[in-house]
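The values are calculated or read from the model by the stated rules, or taken from the named source; none is laboratory data. Worth saying up front: this structure is predicted, and the values here are computed from it rather than measured. Here the Cβ positions follow ideal geometry from the backbone for every residue, glycine too, while neighbour counts run over all protein chains shown. Accessible surface areas use protein heavy atoms only, side chains included; no ligands, DNA or RNA. Shrake-Rupley method; radii C 1.70, N 1.55, O 1.52, S 1.80 Å.
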Amino acid sequence: MSSDWLEVWRGDAPLIVSIPHSGSFIPEDIEKRLVSPWLARKDADWWIERLYNFADDLGATTVRTAVSRTVIDVNRDPSGASLYPGMATTALCPTDTFDGERLYAEGFEPDEAEIAARRERWFIPYHAALRAEIDRLLALHGKVVLYDAHSIRSRAPRLFPGELPVFNIGTNSGQSCDRALAAAVEAACESSGLPMVTNGRFKGGWITRHYGKPERGIHAVQMELACRGYIDDPSPRITPQSWPSPYRPQKAAPMRSVLGDVLKACVDFASSAPPP
């Protein structure tokens, strides 16, 4: 099932891979108000849909939006409340980049009415699709894993100091999934020998926090990858010429292997439930 912006690939394994930030589509009426089309797409989770395109081989369901997070961020609280109070972050309809650069020409930022319209047009259908797939697979298996797939540049000084670990696992401080699932995901990442952390700077966005209800059989985990794990990070500074780096299958192959183990661990965990 798909539309011009919402893609749903249905599998029957007890695993959903949500891809909320790899989109780059910006409607013309919004793009003409932006300072720079490149700035508006700079913070996308580049090539994540390609990195995980093996998921259907595992029987996973994938849900992805092609809409840029600049238009609306489907991984933010729809009320506009911050997920990380007191820390730098971006909004439901961002007006600046991760680096604090203005996205809109002065006076052309979206007002409350426009934000509400964008929420109705894109946010609500994305989450309706997610909920439908959760309910479908929960009825089949009695337990399901919702895996929220993300990536970010290794260095973003406004958001975090220094260099981010390659694997950043978020479980809302242990509330969004069973500890056994978190341990299985951690073990798969540790086998790579690359740096990892659980519930560090990224504890999980709204998708992980909203849907993760282990007591109801819904186990949600977010994976935030540092981009250097599968593409070249921009260095020494990010420019339109250096970012986004191209996706090269050979460089991405080791990361895909690790992520294959991660998703298999998710399927194995959810398959341990007796049938409903």
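Given contacts defined as C-alpha pairs under 8 Å and at least six residues apart, what's the relative contact order of segment 1-133, whole-number percent?
31
Considering Cα pairs under 8 angstrom that are at least six residues apart, work out the relative contact order of the chain and quote it in whole percent. Spell out each step's value before the answer.
Working: 544 pairs, mean separation 60.4, N = 276.
Worked out over the chain, it gives 22 percent.
Which whole-Hz couplings ³J(HN,Hα) result when phi for each residue of segment 230-244 is put into the Karplus expression 6.51 cos²θ - 1.76 cosθ + 1.60, θ = phi - 60°, listed in order with x for Gly and Pro?
Working through the residues one at a time gives 9, 9, 7, 5, x, 7, x, 9, 7, 9, x, 7, 9, 9, x Hz.
Taking 8 Å as the Cα distance limit and 6 or more residues as the minimum spacing, I'd like the relative contact order of segment 182-262 as a percentage. Could the numbers behind the result be given before it?
Working: 57 pairs, mean separation 25.4, N = 81.
In percent, rounded to a whole number, it is 31.
Just report the Cα centroid separation between segment 149-192 and segment 18-60, whole Å.
Each part reduced to its Cα centre gives a spacing of 20 Å.
Identify all aspartates and glutamates with a Cα-Cα distance to Lys42 below 15 Å; exclude those on the same chain that are fewer than 8 residues away in sequence.
Glu31, Asp73, Asp96, Asp99, Glu101, Asp232, Asp233
How far, in nm, would the chain grow between Ala187 and Arg158 when pulled straight, counting 0.36 nm per residue and subtracting the alpha carbon separation?
7.4 nm
Nothing charged except the Cβ atoms of Lys and Arg (+1) and of Asp and Glu (-1): what's the magnitude of the dipole of the chain about its Cα centre? Round to the nearest 20 debye.
Values: 31 positive and 35 negative charges, 80 e Å.
So the dipole magnitude of the chain works out to roughly 380 debye.
Whole-Hz Karplus ³J(HN,Hα) for segment 143-159, in order, using 6.51 cos²θ - 1.76 cosθ + 1.60 and θ = phi - 60°, x for Gly and Pro?
Using θ = phi - 60°, the values come out as 8, 9, 10, 9, 10, 9, 9, 9, 8, 7, 4, 5, 10, 8, x, 5, 9 Hz.
Could you let me know the centre-to-centre spacing of segment 194-255 and segment 91-138, using Cα atoms, in angstrom?
Rounded to whole Å, the Cα centres lie 20 Å apart.
Just to check I understand the Karplus step: with θ = phi - 60° and J = 6.51 cos²θ - 1.76 cosθ + 1.60, what whole-Hz values come out for segment 35-46, glycine and proline as x?
Running phi through 6.51 cos²θ - 1.76 cosθ + 1.60 with θ = phi - 60° gives 5, 7, x, 5, 4, 5, 10, 4, 8, 5, 7, 5 Hz.
Looking at Ser191, Asn75, Asn168, which one has the Cα that reaches farthest to the positive end of the dipole of segment 6-271 (charges on Cβ: Lys, Arg +1; Asp, Glu -1)?
The one lying farthest along the dipole's positive direction is Ser191.
Which cross-chain or sequence-distant (5 or more) residues have an amide H under 5 Å from the amide H of Leu34, H modelled 1.01 Å from N in plane?
Sorted by chain and number, the residues that satisfy this are Ala105.
Which of the lysines could be linked to Lys143 by a straight reach, that is with a Cα gap under 23 Å, when you skip same-chain ones fewer than 8 residues away?
In chain and number order, the partners are Lys203, Lys213, Lys264.
Put +1 on the Cβ of each Lys and Arg and -1 on the Cβ of each Asp and Glu in segment 6-271; which of Gly100, Pro110, Ser271 then has its Cα farthest toward the positive end of the dipole?
Final value for the positive-end residue is Ser271.
Given segment 1-110, what percent of its DSSP beta bridges are antiparallel, to the nearest 5? The partial results should precede the final answer.
On the way: 7 of 12 bridges.
Given both bridge residues lie in segment 1-110, the antiparallel proportion sits at roughly 60 percent.
So how strong a dipole does segment 120-178 carry about its Cα centre when Lys and Arg Cβ are +1 and Asp and Glu Cβ are -1, to the nearest 20 debye?
200
Residues of segment 211-251 with the amide nitrogen closer than 14 Å to a label point 7 Å from the Cα of Ser24, along Cα-to-Cβ, please.
The answer is 240-248, whose backbone nitrogens lie closer than 14 Å to the label point.
Can you list the equivalent-ellipsoid semi-axes of segment 6-271, largest first and in whole Å, using the square root of 5 times each Cα gyration tensor eigenvalue?
Ellipsoid semi-axes (Å, largest first): 28, 22, 17.
Skipping prolines and chain starts, which residues have an amide H placed within reach, meaning under 5 Å, of the one on Asp96, given they are 5 or more residues away or on another chain?
Ala91, Leu103
Roughly how many percent of the accessible protein surface of the chain is carbon and sulfur, given a 1.4 Å probe and a whole-percent answer?
Answer for the chain is 53 percent, counting heavy atoms of protein chains only.
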